[in-house]
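Inspection log for the structure reproduced underneath, given as structure tokens.
The values are calculated or read from the model by the stated rules, or taken from the named source; none is laboratory data. If you're wondering where the values come from, they're calculated on a predicted model, not measured in any experiment. For neighbour counting, all protein chains shown are included, and Cβ atoms are generated from backbone atoms with ideal geometry for every residue, glycine included. Just so you know, the surface numbers come from the protein's heavy atoms only, side chains and all, with ligands and any DNA or RNA stripped out. Shrake-Rupley method; radii C 1.70, N 1.55, O 1.52, S 1.80 Å.
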Amino acid sequence: FPSHDIDSNNVSEVYFKNNGETDLLTGAVAPNVFNQLVQRDIYLSERDNSSLSIISVKMNMNQIAYDSESRVSKAELESQLISLYFKLKNFFRNPDCICRMSQYGFWILVNDLDLNSSDKLIERLSKTLPEFVEIGIAFRQTSQNLIDWYSQVDAIHFKDNLK
């Protein structure tokens, strides 16, 4: 049988830098800009009594390794990230904000999404993205502070990291 491995050195070498505005590999917004937009939207959502959600989208590195017929290279992982970003960009509305928040994943800030419409959105999104992509969602509770909300998203986004 062929080796179904991701070289852990390749994962750690995947390009993950930004210039303060954008991720230099994918073009997604940098975490600093994302945080500013989230804080602005929290203020607006409290004023307008509207909902906010963050969708977590990440490559499941164990699934990529399993699906691959050989070791996955750094270039292949970077190519997958770029492709994933453009699929997300084409899927979401213009005002939605896509940030590369981790080495192999994105957070998307979405306004006015309720539980019913989020289920439909996640279902449609999962049909658009490769099978090795995991999708989760964290709804901001009324008056929930940023740190608690981010902790909720972190729990979704960073579970089952590559061991």
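Need one value: the accessible area of residue 47 in square angstrom, 1.4 angstrom probe, rounded to the nearest 10.
150 Å²
Taking the chain as the reference, fit the longest principal axis to its C-alpha atoms, fit the long axis of helix 74-91 to the helix C-alpha atoms, and give the angle between the two in degrees, 0 to 90, nearest 10.
30 degrees
To the nearest 20 debye, what charge dipole does the chain have about its Cα centre, counting +1 at the Cβ of each Lys and Arg and -1 at the Cβ of each Asp and Glu?
Numbers: 16 positive and 22 negative charges, 47 e Å.
Once rounded to the nearest 20, the dipole reads 220 debye.
Springs between alpha-carbon pairs under 10 angstrom, Gaussian network model over the chain: which of 19, 145, 116 fluctuates most?
Judging by the Gaussian network model, the answer is 116.
Let me spell out the model: positive unit charges on the Cβ of Lys and Arg, negative unit charges on the Cβ of Asp and Glu, origin at the Cα centre of region 97-163. What dipole size does that give, in debye rounded to 20? Present the calculation step by step, with values, prior to reporting the outcome.
Values: 7 positive and 9 negative charges, 35 e Å.
For region 97-163, the charge dipole is close to 160 debye.
Can you sort 17, 87 by solvent-accessible area, 1.4 Å probe, largest first? Can you show the working numbers first?
Values: 17 120, 87 75 Å².
Order by accessible area, largest first: 17, 87.
If you count only protein heavy atoms with a 1.4 Å probe, what accessible area per residue comes out for region 13-163, rounded to a whole Å²?
On the way: 8190 Å² over 151 residues.
Solvent-accessible surface per residue comes out at 54 Å².
When the accessible area of region 16-163 is split by element with a 1.4 Å probe, what percent falls to carbon and sulfur?
Values: 3890 of 8000 Å².
Of all accessible area on region 16-163, carbon and sulfur atoms account for 49 percent.
Considering the options 97, 64, 116, tell which one lies farthest towards the positive end of the dipole of region 44-120, charges being +1 on Lys and Arg and -1 on Asp and Glu at the Cβ, about the Cα centre.
Positive-most Cα among the choices belongs to 64.
If you fit an axis through the alpha-carbon atoms of helix 115-128 and take the longest principal axis of the Cα set of the chain, what angle between them do you get, 0 to 90°, nearest 10?
Between the helix axis and the principal axis of the chain, the angle is about 30 degrees.
How large is the direction-averaged shadow of the alpha-carbon convex hull of the chain, in nm²?
Details: hull surface 38.3 nm².
The directionally averaged projection comes out at 9.6 nm².
Rounded to the nearest 5, what is the percent of antiparallel bridges among the DSSP beta bridges in the chain? Don't skip to the end; give the middle numbers.
Values: 21 of 23 bridges.
Counting only bridges with both partners in the chain, antiparallel ones make up about 90 percent.
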